[in-house]
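Since the structure comes first, as structure tokens, the remarks are kept for the end.
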Amino acid sequence: MRVSRLMLVTLRDVPADAEIPSHQLLVRGGYIRRIGSGIYAYLPMMWKVLRKINAIVRAELNHLGALETLLPQLQPADLWERSGRWQGYTEGEGIMFHLEDRQNRQLGLGPTHEEVITELAGDLLRSYRQLPVTLYQIQTKFRDEIRPRFGLMRGREFIMKDAYSFHANQEDLENTYQAMATAYARIFERCGLEAVAVDADSGAIGGAASQEYMVTAAAGEDLILTSSDGLYAANQEKATSRPPVALPLAAGEERMIETPDQSSIEQLCAANGLDPTQTVKVLVLLARLDDGREQPTLVSLRGDQDLNEVKLANAVSRSLNAAVLEIRPISENQLCQQDLSEFPFGAIGPDLSDTALKGCRSWENHFLRLADATALDLPRFVCGANSKDQHCWGRTWDAMPAQIKADLRTARAGDQCVHDPSQTLSECRGIEVGHIFQLGRKYSEALDARFTNSAGQQEALLMGCYGIGISRLAQAAVEQHHDEAGISWPLGIAPFQVIVVIAKIQDPTQVALAEELYQSFLDAGIDALLDDRDERAGVKFKDADLIGIPWRIVVGRDAGEGKVEVVERSTRCSTSVPHQEAFQQVKDSISTHL
RNA sequence: CGGGGCGUGGCGCAGUUUGGUAGCGCGGGUGCUUUGGGAGCACUAGGUCGCAGGUUCGAAUCCUGUCGCCCCGACCA
């Protein structure tokens with residue numbers, strides 16, 4: 001391709017709406033244009049990058065025997081009603097775009113395809129003899145994100161590869177899950193990305209085992225905790241660790257202490273010579289469930305620990321057997337609306353009585369009581385006395401209402417690891433580019449997708465599901481591979497592998513040599529770009545750096561002697577060599593890399 | 001959804017406080033000079049100042065409404 005015909009429009013100024021380097025560079029380099037909030041056009045070079053990523057993904061999945069399909073984006077609501085996700089995905093902070101057709105039928109734009117694929121599988125897969133089957137598609141997805149941001153990182157329309165596997169037994173599911181994990185590692189490696197697999201929460205999709213693939217980058221939206229020996233890595237949403245050892249409370253009788261103006265753990269400890277590990281704090285939250293229930297919830301944590309909301313939402317869902325739509329602290333305003341009198345905020349204990357909820361308007365009239373192990377393991381502790389400005393010193397759990405034990409604390413950098421106390425966790429940021437789940441039978445049961453097993457009985461299909469954010473991956477690659485001058489694409493996904501720059505277009509010698517080199521690359525099957533524009537050399541160099549082609553060959557002053565300059569984008573190393581040698585060097589580097 | 005901010009040629013911005021009919025840089029076009037790291041000079045095209053009302057002799061500027069976009073948050077009493 002010739003740059004003169006590429007519709008290359010690069011920008012010198014940083015676009016006002018782009019915050020992070022990858023977003024700025026993709027816009028400046030002429031790769032993407034914003035059409036609306038969270039909606040982007042992929043310009044020709046970007047589409048080339050995306051197609052290269054797709055090709056790698058296809059090759060690796062086809063290698064596993066997965067079958068490519070293309071599923072509808074427009075999906076009937078009744079399908080989602082049967083899986084029980086229509087309400088959660090469309091109401092409140094639901095992320096599904098939905099619409100009505102001229103017959104007033106409800107439809108959704110697919111944010112994911114479990115429903116469609118499970119329906120199809122139930123229809124087509126009738127015998128264990130047909131299993132296992134893995135289907136995948138590379139498809140545009142729609143999600144009405146609460147806050148789209150960072151260009152392609154969190155868009156409302158984006159490209160995703162999603163795969164679904166179907167199995168007759170758990171062992172088979174685990175085999176495919178492992179094979180997929182291996183394929184993912186190869187995909188990210190071939191894309192030139194440094195990605196780590198971390199234990200993850202399975203979130204709204206549901207299911208059991210789940211791992212996320214994170215591209216490490218400062219602009220990442222997720223926090224990852226890893227052990228120094230490399231044996232443990234997890235998203236902070238899911239991470240576990242050994243809490244610090246609590247200091248024992250001095251001997252003494254249980255007693256009330258006056259604690260005026262000591263509503264926080266810090267204040268309480270400072271005023272009474274306590275360590276936060278000697279206290280239990282109680283958070284009061286309201287969980288909204290997808291069956292309409294509004295459940296007041298008391299959460300007890302050791303004073304030095306932080307609540308992990310994701311773990312909490314999961315624990316509440318398990319306890320109440322309903323999905324949590326939202327969970328947040330109860331405000332005084334809400335108490336008023338429920339006709340309830342004020343709670344003793346700042347001095348609440350785990351034994352706050354259910355009578356505090358008596359007469360409420362729409363809430364459940366009893367508390368769900370959850371406690372983290374760090375709190376339950378304290379033999380004696382200080383906690384709120386449920387009356388303003390009073391705490392209770394030396395309490396025990398004996399006299400408390402029953403608590404549901406759950407892991408509710410946030411693991412932090414510096415904590416000791418569960419697998420080996422000599423290891424500690426450290427944190428880094430990551431961009432989630434892939435996620436694999438063992439779904440189990442959640443969707444196949446809801447949608448009645450059954451097959452006949454070897455014993456002749458009907459059984460729900462076991463499922464796995466595996467996603468890669470293709471467009472996000474492309475931007476993550478830029479986030480991981482750029483410098484002050486611009487993008488530095490990994491060779492495997494660069495829109496072009498080499499750019500031949502004619503320094504001075506008026507010089508026929510330069511033009512002839514450059515054309516010859518360019519043609520040789522094309523003949524060798526290499527994706528080459530020829531900068532044949534009538535621009536000053538400096539402009540062409542700046543553009544080449546900005547758009548990030550891995551190899552640049554400059555045909556300039558020494559063209560008369562047949563010599564050209566070879567520049568490697570990633571290292572910015574440049575050498576002046578005879579043109580045959582330049583061709584060979586670039587060709588070799590490309591063939592060994594791919 | 002809560003808070004903050006911004007909408008002025010294709011892009012980045014000034015002008016708005018104190019109303020007087022629009023400007024700078026980049027980019028585009030033409031010409032001359034220049035020619036290996038985003039050239040110089042000259043000329044030139046391009047904007048109902050997001051939209052709709054209102055106030056006024058007069059509105060980018062003041063008032064009301066509305067739409068769009070960006071940022072922060074939706075956190076532990």
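The values are calculated or read from the model by the stated rules, or taken from the named source; none is laboratory data. The model shown is predicted, which means the values in this text are computed figures rather than measured ones. Methodologically, a virtual Cβ is constructed for each residue, glycine included, from the backbone with ideal geometry; neighbour enumeration extends over all protein chains shown.
Quick check on this structure: which one of A:GLY88, A:GLY84 is farther than 30 Å from A:ASN175 by Cα, of a type in the set (Gly, Ala, Ser) and not assigned by TED's automatic domain parsing to the domain that holds A:ASP162?
Just one listed residue meets the conditions, A:GLY88.
Restricting the search to the stretch A:31-51, which residues are within 10 Å of RNA strand B (Cβ to nearest atom) and either polar (S, T, N, Q) or in contact with a Leu (Cβ under 8 Å, 6 or more places away or on another chain) (or both)? Break it down stepwise before answering.
Of the stretch A:31-51, the ones within 10 Å of RNA strand B (Cβ to nearest atom) are A:33-40.
Matches in the stretch A:31-51: A:ARG33, A:SER37, A:TYR40.
On the basis of being within 8 Å of RNA strand B (Cβ to nearest atom) and either touching a residue at least 24 places away in the same chain (Cβ under 8 Å) or not assigned by TED's automatic domain parsing to the domain that holds A:VAL215 (or both), does A:SER4 make the cut?
Answer is no for this residue.
Keeping to the stretch A:533-561, report how many residues are farther than 21 Å from A:VAL577 by Cα and touching a strand residue (DSSP E or B) at 6+ places or on another chain (Cβ under 9 Å).
In the first step, residues of the stretch A:533-561 are kept if they are farther than 21 Å from A:VAL577 by Cα; the result is A:533-536, A:539, A:542-543, A:546-548.
Remaining after also requiring touching a strand residue (DSSP E or B) at 6+ places or on another chain (Cβ under 9 Å): A:533, A:542-543, A:546-548.
Total meeting the criteria: 6.
Within the set of pairs 6 or more residues apart or between chains, which connect a residue that is closer than 18 Å to A:VAL280 by Cα inside the stretch A:252-265 to a residue that is in a loop (DSSP other than H, G, I, E, B) and more than 10 Å from RNA strand B (Cβ to nearest atom) with Cβ atoms less than 7 Å apart?
Short answer, once both residue conditions are applied: A:GLU258/A:ASP389; A:THR259/A:ASP389; A:PRO260/A:ASP389.
Could you check how many residues of the stretch A:366-414 are touching a strand residue (DSSP E or B) at 6+ places or on another chain (Cβ under 9 Å), assigned to a loop (DSSP other than H, G, I, E, B), within 24 Å of A:THR355 (Cβ to Cβ) and of a type outside the set (Val, Ile, Thr)?
8
Just checking: which of the strands (runs of 3 or more DSSP E) contained wholly in the stretch A:536-594 hold 1 or more residues that are under 22 Å from A:TYR31 (Cβ atoms) and at pLDDT 95 or above?
Passing ranges, in order: A:551-555, A:563-568.
Taking A:ARG129 and the conditions (1) within 16 Å of RNA strand B (Cβ to nearest atom); (2) charged (D, E, K, R); (3) assigned to a helix (DSSP H, G or I), which numbered condition does it fall short on, given that it satisfies the others?
Result: A:ARG129 passes all but (1).
Between A:PRO21, A:PRO72, which is surrounded by fewer than 18 Cβ atoms within 10 Å (Cβ to Cβ) and more than 30 Å from A:GLY525 (Cβ to Cβ)?
Unique residue meeting the criteria: A:PRO72.
Just to check your reading of the model, which residue among A:SER37, A:SER4 is in contact with an Asp or Glu (Cβ under 6 Å, 6 or more places away or on another chain) and either over 23 Å from A:VAL500 (Cα atoms) or not charged (D, E, K, R) (or both)? Please lay out each step first, then the result.
Values: A:SER37 fails: in contact with an Asp or Glu (Cβ under 6 Å, 6 or more places away or on another chain).
Being in contact with an Asp or Glu (Cβ under 6 Å, 6 or more places away or on another chain) and either over 23 Å from A:VAL500 (Cα atoms) or not charged (D, E, K, R) (or both) holds for just one of A:SER37, A:SER4, which is A:SER4.
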